[in-house]
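Undergrad: Structure in C-alpha cells, see below.
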Amino acid sequence: MASKIVLLVCDGLGDRPVPELGDKTPLEAARTPNLDRLAARGITGLMHSLGRGLTPGSDTSHLNILGYDYREYYSGRGTIEVAGLGMELRHGDVALRGNMGTVDAELKIVDRRAGRITDTSPFTALLDGMEIEGVKFMVKPGTAHRAGIVVRGDGLSAKVTDNDPHEPGVKVWEVKPKDDSPEAARTAAVLNKFLARAHEILDACEANKMRVAAGQPAANYLLIRGAGFYRHVPPFSERYFGLKACCIAGGGLYKGIGAYTGMTLLDVPGATALPDSDIRAKFTRVREALNDFDFVFVHVKAADSLGEDGNWKGKRDFIERIDEAAELLLDLPDALLVVTADHTTPCALKKHSADPVPVMIVGEGVRVDGVMAYNERAVASGGLGRLIGTDLMPELMNLIGKYKLIGA
Ligand code: ZN
C-alpha cells in the first residue's frame, strides 16, 4: 500500500468540444502519451468540485478538493490571499486583496494595475500599520501589482463591497455595507477613510514622483476586493492523520490555499503561473518533496488562463507541456498520484463552467479500470464514477490505509 499522495491540480483543464479541433476538447486533441499511460494504470472518473451544476471559483473548488467544505471554510478570497502572503489573521480580522492602481484627479481609473507595476513594496510600506479610529491596517505586497490587507479592530464585518469598478474611466466606488449591521457600516466607513488617506499619501510620495518623471503611471490608489472574515481552519496534518503536507504553486491564490490549510509552501524558481512556467522544475520538486512530506499539492495554472482567453490552440499546447513534464511522475516511489482540475474553463465561454473535470488516481491498490486515455470523455466510463470534490480526500485516505472504522 502506498503511504504518500501527490495531488496535481491543472487549473481549468476541463473544456467542451471545440469545432476547430474536430469537436475534440483541448485535452482530447492534445498528444498526451504520459497522461494516457497513467490512465491505463489507474482508476478514473469525473468530478464536480462543488456539486452538480455548481460553477466553482478556483478558491472554493480547491478547498473542497482538499476536503475543506467551502460552505464551512470559505469566507471571501481575501482571507486566502493574505494567508499566502504570510499575513497572520486573528479572530475578528477582515482580510482583503488589493491592486495598486492609477487614478486621475477625479478618482477615475486610469490603469487598474498601475502600468503592471512589478513591485508594490515601496507603496505598501507607506500604508502598513496605519490606524484610524482604533482600527489598524496591515498592508503587504503581493506578486506584481497585488497587495494584501488585514483590518484589525473591534466590531468589524466582512459584509462590505469592493471599491474596484474593474473598468478604466470609471470613478472608484465607495465601499458600502452589504447588510444592515452596525459592524458592516463601521467597517465600510473606516475603510473609506483609510482609502482616502492612503490615496493622499501615495499621491504625494517620492516613489510616485519618480514613476511619473519616468513616464510611468503613479501607483496612487488601492483597489480592494474579496473581503473575508477570519475563521478557524484546522491544519491539514490535524485533519488528516498527521500527514505532513506541502504546496508547490506559482500563483498567489494557490500558495494562499496551501497556507490557509496549514501546508508548507515550497518555492520553485521558474514557477510563474504563466504559460511559460517551468513545469518540469515543479515536478522535479515534487519528487524531492516526497522525501520530506506525505502529501504534495502541486498546482499548474495556465490551462485556465488560456481557456479564459478563448485560446484553444494555446490550451492544447500547454496541456502537451504538462504531459511532457508528467514523465517525471510516472514512477513515484511509495505514492499515489492524483491528476485532476479544479473546474472546467471552456474556450468557447472564456470563463468557468459547471461541467465536471477528469480525475484519475494511480498507484498501488487502486482497482484499475478499462480507461486507456486521460480526457473528459474517456474517464466518463471510469471506475470512480462521479465524485463531488469533498469525496476525493476520503477516497485517498482509504487507499493509503488512513481511516477510522465506522461501526464495529
Ligand atoms: Zn481555477
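The values are calculated or read from the model by the stated rules, or taken from the named source; none is laboratory data. Just so you know, these numbers come straight off a predicted model, no measurement behind them. Here Cβ is always computed from backbone atoms with ideal geometry, including for glycine, and neighbour counts include all displayed protein chains. Just so you know, the surface numbers come from the protein's heavy atoms only, side chains and all, with ligands and any DNA or RNA stripped out. Shrake-Rupley method; radii C 1.70, N 1.55, O 1.52, S 1.80 Å.
Undergrad: Are any residues in the range 69-97 within 16 Å of the ligand (Cβ to nearest atom) and open to solvent by less than 10 Å² (accessible area, probe 1.4 Å), and if so, which ones?
TA: Taking the range 69-97 as the starting set, the residues that turn out to be within 16 Å of the ligand (Cβ to nearest atom) are 70, 74, 77, 80-81, 84, 97.
Residue satisfying the conditions is 80 alone.
Undergrad: Only one of these conditions is not met by residue 209: (1) in the same structural domain as residue 317 (by TED's automatic domain parsing); (2) surrounded by fewer than 16 Cβ atoms within 10 Å (Cβ to Cβ); (3) of a type outside the set (A, V, I, L, M). Which number is it?
TA: Failing condition for residue 209: (1).
Undergrad: OK, next. One residue is enough: does the range 144-156 have a residue meeting the conditions out of contact with any helix residue (DSSP H, G or I) (no Cβ under 8 Å at 6 or more places or on another chain), at pLDDT below 95, of a type in the set (Asp, Glu) and assigned by TED's automatic domain parsing to the domain that holds residue 98?
TA: Our first condition is that a residue be out of contact with any helix residue (DSSP H, G or I) (no Cβ under 8 Å at 6 or more places or on another chain); within the range 144-156, this holds for 144-145, 152, 154.
Going one step further and asking which of them are at pLDDT below 95, we end up with 144-145.
So of that shortlist, the ones also of a type in the set (Asp, Glu) come out as none.
No, because not a single residue in the range 144-156 is out of contact with any helix residue (DSSP H, G or I) (no Cβ under 8 Å at 6 or more places or on another chain), at pLDDT below 95, of a type in the set (Asp, Glu) and assigned by TED's automatic domain parsing to the domain that holds residue 98.
Undergrad: Taking the range 179-197 as the region of interest, how many residues are touching a Ser or Thr at 6+ places or on another chain (Cβ under 6 Å) and not polar (S, T, N, Q)?
TA: Residues in the range 179-197 being touching a Ser or Thr at 6+ places or on another chain (Cβ under 6 Å) and not polar (S, T, N, Q): 2 in total.
Undergrad: The conditions are (1) in a helix (DSSP H, G or I); (2) of a type in the set (Val, Ile, Thr); (3) open to solvent by less than 10 Å² (accessible area, probe 1.4 Å), and residue 284 fails exactly one of them. Which is it?
TA: (3)
Undergrad: A follow-up question, please. Given (1) open to solvent by 10 Å² or more (accessible area, probe 1.4 Å); (2) at negative phi, identify the lone condition not met by residue 64.
TA: Answer for residue 64: the failing condition is (1).
Undergrad: State which residue pairs qualify: first residue touching a residue at least 60 places away in the same chain (Cβ under 8 Å) and inside the range 179-197, second residue small (Gly, Ala, Ser) and part of a loop (DSSP other than H, G, I, E, B) in any location, beta carbons under 9 Å apart, and separation of 6 or more residues or different chains.
TA: 187/153; 187/155; 187/157; 187/158
Undergrad: Kindly indicate the residue of the range 1-34 that is in a helix (DSSP H, G or I) and more than 18 Å from residue 314 (Cα to Cα) and also farthest from the ligand (Cβ to nearest atom) among those meeting that condition.
TA: Ranking the qualifying residues of the range 1-34, first place goes to 33.
Undergrad: Among the listed residues 66, 89, 38, which satisfies the condition of being hydrophobic (A, V, I, L, M, F, W, C), in the same structural domain as residue 321 (by TED's automatic domain parsing) and under 21 Å from the mean Cα position of the chain (by Cα)?
TA: Only one candidate qualifies: 66.
For every residue, the table says whether it meets (1) over 23 Å from residue 59 (Cβ atoms); (2) buried (at least 20 other Cβ atoms within 10 Å of the Cβ).
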| site | (1), (2) |
| --- | --- |
| 274 | no, no |
| 301 | no, yes |
| 314 | yes, no |
| 333 | yes, no |
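Undergrad: Can you list residue pairs whose Cβ atoms sit under 8 Å apart, with the first residue in the range 44-64 being free of Cβ contacts under 8 Å to residues at least 40 places away in the same chain and the second being among the hydroxyl-bearing types (Ser, Thr, Tyr)? Count only pairs 6 or more apart in sequence or on different chains.
TA: Between residues of the range 44-64 that are free of Cβ contacts under 8 Å to residues at least 40 places away in the same chain and residues that are among the hydroxyl-bearing types (Ser, Thr, Tyr), the close pairs are 60/49; 60/70; 60/74.
Undergrad: Another one. In this structure, is residue 199 more than 17 Å from the chain's Cα centre (by Cα) and surrounded by fewer than 14 Cβ atoms within 10 Å (Cβ to Cβ)?
TA: no
Undergrad: Okay, next question. Write out, first by first residue and then by second, each pair whose Cβ atoms fall under 8 Å of each other, whose residues are 6+ apart or on separate chains, and whose first residue, in the range 261-276, is among the hydroxyl-bearing types (Ser, Thr, Tyr) while the second is in a loop (DSSP other than H, G, I, E, B).
TA: Going by the 8 Å Cβ cut-off, the qualifying pairs are 261/66; 261/68; 261/233; 261/235; 264/244; 264/293; 272/250; 272/278.
Undergrad: Here's a follow-up. Determine, yes or no, whether residue 97 is part of a loop (DSSP other than H, G, I, E, B), among the charged types (D, E, K, R) and either touching a residue at least 24 places away in the same chain (Cβ under 8 Å) or under 19 Å from residue 232 (Cβ atoms) (or both).
TA: No, not satisfied.
Undergrad: Here's something else I'd like to know. Within the range 339-348, is there a residue that is of a type outside the set (Lys, Arg), assigned by TED's automatic domain parsing to the domain that holds residue 33, open to solvent by 60 Å² or more (accessible area, probe 1.4 Å) and on the phi > 0 side of the Ramachandran plot?
TA: no
Undergrad: Looking at (1) within 16 Å of the ligand (Cβ to nearest atom); (2) of a type in the set (Lys, Arg); (3) touching a residue at least 60 places away in the same chain (Cβ under 8 Å), which is the only condition residue 351 fails?
TA: Status for residue 351: all satisfied but (3).
Rundown of residues vs (1) within 16 Å of the ligand (Cβ to nearest atom); (2) over 23 Å from residue 388 (Cα atoms), yes/no style:
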{"site": "303", "(1), (2)": "yes, no"}
{"site": "309", "(1), (2)": "yes, yes"}
{"site": "327", "(1), (2)": "no, yes"}
{"site": "342", "(1), (2)": "yes, no"}
{"site": "346", "(1), (2)": "yes, no"}
